[in-house]
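Since the structure comes first, as structure tokens, the remarks are kept for the end.
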């Protein structure tokens, strides 16, 4: 079974232009499924996990919890995990962002989010409303990168099962993948986008087809 995990502020429909309607798969709704249920998935050697951004972080955590007992994992615009010295600064950012998610209006938060260096080249395009922002705050608080981080070298022994996709215009994540992921022998690809790689569904689909995922 192929499991798809969307990103923060996204939806399971984000995969619709990538997957054939007849494709047997499970598109997880991160806002409807209990967090405990998401993380308790027991994978088998036939399972494939595909995650975008925070969804990739969730997929990676599931893979670790199952000792990488799976066929493949595809991580799109996903952070591989912080080094110990990076965690304090990340915690400051997470606390600041969580406070804004809980205190600002939707419009004010969108302005804040779109000015972050990671997203400055493309605006947030979503059906963000008060309810979705509240649910996103819960998701963001639970899946903090500072709490779900293992140094990338933990991935080396599983490199044959991992595919990593980043946007060619995503300078931050592209650099991270070049410096921390490629040296491990992990297969990597790029899309002609910034961090929001799902905005080029044809390229994502092409990569997944070429790698036998779809």
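Key figures for this structure:
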{"item": "Residue match in the stretch 45-57 (condition: in the same structural domain as residue 204 (by TED's automatic domain parsing), part of a loop (DSSP other than H, G, I, E, B) and surrounded by fewer than 16 Cβ atoms within 10 Å (Cβ to Cβ))", "result": "yes"}
{"item": "Condition broken by residue 104, with the remaining ones in (1) under 23 Å from residue 197 (Cα atoms); (2) free of Cβ contacts under 8 Å to residues at least 12 places away in the same chain satisfied", "result": "(1)"}
{"item": "Filter result for residue 179 (out of contact with any strand residue (DSSP E or B) (no Cβ under 8 Å at 6 or more places or on another chain), assigned by TED's automatic domain parsing to the domain that holds residue 6 and exposed (fewer than 14 other Cβ atoms within 10 Å of the Cβ))", "result": "yes"}
{"item": "Every pair of residues 6+ apart whose Cβ atoms lie under 6 Å, when the first sits in the stretch 38-49 and is on the phi < 0 side of the Ramachandran plot while the second is in a helix (DSSP H, G or I) and at pLDDT 95 or above", "result": "41/62; 49/59"}
{"item": "Test: residue in the stretch 27-39 that is part of a helix (DSSP H, G or I) and touching a strand residue (DSSP E or B) at 6+ places or on another chain (Cβ under 7 Å)", "result": "yes"}
{"item": "Test: residue in the stretch 71-79 that is farther than 30 Å from residue 214 by Cβ and surrounded by 15 or more Cβ atoms within 10 Å (Cβ to Cβ)", "result": "no"}
{"item": "Extreme residue, surrounded by the most Cβ atoms within 10 Å (Cβ to Cβ), among residues of the stretch 125-163 that are touching a strand residue (DSSP E or B) at 6+ places or on another chain (Cβ under 7 Å) and farther than 26 Å from residue 88 by Cβ", "result": "162"}
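The values are calculated or read from the model by the stated rules, or taken from the named source; none is laboratory data. Quantities reported herein were computed from a predicted structural model and do not represent experimental measurements. Note that we place each Cβ from the backbone using ideal geometry, even for glycine, and neighbour counts take in every protein chain shown.
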